[in-house]
Amino acid sequence: MSRELYISVPESSYNAKASGTLVPGGNVYTFEVEAGTLYKREQPIKWKCSLCGYVMEGKEPPPKCPGCKNPKEYYEPANLDF
């Protein structure tokens, strides 16, 4: 049996509504995020490159990292550090 799972995460982190499937007894999750929302915020936040550690502030990360020249897909909200 599978069921739909809806999640919403804090606005300061990955703020997107997602739906997916939870497989009982397993750890298989698939989610779909609304197009164009993953790297955009209404208010500026700190973004961190996951490869070189470059940190910048803005409503979205730059198209390419100034530190290592990798694309914006390597950026994540800086407050996700563990």
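The values are calculated or read from the model by the stated rules, or taken from the named source; none is laboratory data. Owing to the predicted nature of the structure, the values given are computational and were not obtained by experimental measurement. Every residue, glycine as well, gets a Cβ built from its backbone with ideal geometry; the counts of neighbours run over all protein chains shown.
General remarks:
- Of all residues in the stretch 51-68, those that are in a loop (DSSP other than H, G, I, E, B) and surrounded by 11 or more Cβ atoms within 10 Å (Cβ to Cβ) total 11.
- Applying the condition of being charged (D, E, K, R) and in a helix (DSSP H, G or I) to the stretch 69-82 and asking which residue is surrounded by the fewest Cβ atoms within 10 Å (Cβ to Cβ) yields E73.
- Within the stretch 62-82, considering residues that are modelled with pLDDT under 90 and of a type in the set (A, V, I, L, M, F, W, C), the one nearest to I45 (Cα to Cα): A78
- Qualifying residue in the stretch 26-39 (condition: at pLDDT 90 or above and not acidic (D, E)): no
- Residues in the stretch 40-50 that are surrounded by 15 or more Cβ atoms within 10 Å (Cβ to Cβ) and of a type in the set (K, R) were compared, and the one that is modelled with the lowest pLDDT is R41.
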